[in-house]
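Working notes, beginning with the structure itself.
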């Protein structure tokens, strides 16, 4: 009896339980990796808020620059030809 029961259990585990387990977690990973509608809406709101804050900061920098011509803005233009990543790291550390 034991000679028959062990191979049946092994075959069941190999051909039923193992593929079921793999497919179960594959489908879980695929559903977890997608953005929900709420996530997309929140991401859009955050992008809009960041854009508005950047506009406000540009306005403040422009006003300060008008009042004090020697003032240098702390923000850096990433597209500038003299951009140095090491300076950006130093700026982040000094905050």
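A few comments on the model shown:
- Fully extended contour minus Cα-Cα distance, from residue 14 to residue 86, at 0.36 nm per residue: 20.5 nm
- Cβ-Cβ FRET estimate between residue 1 and residue 25, R0 fixed at 30 Å, reported to 0.05: 0.30
Read the figures in this text as sums done on the coordinates, not as results from a lab. Treat the numbers as computed from the prediction; the structure is a model and nothing was measured. Note: ideal-geometry Cβ built from the backbone for every residue, glycine included; neighbour counts use all protein chains shown.
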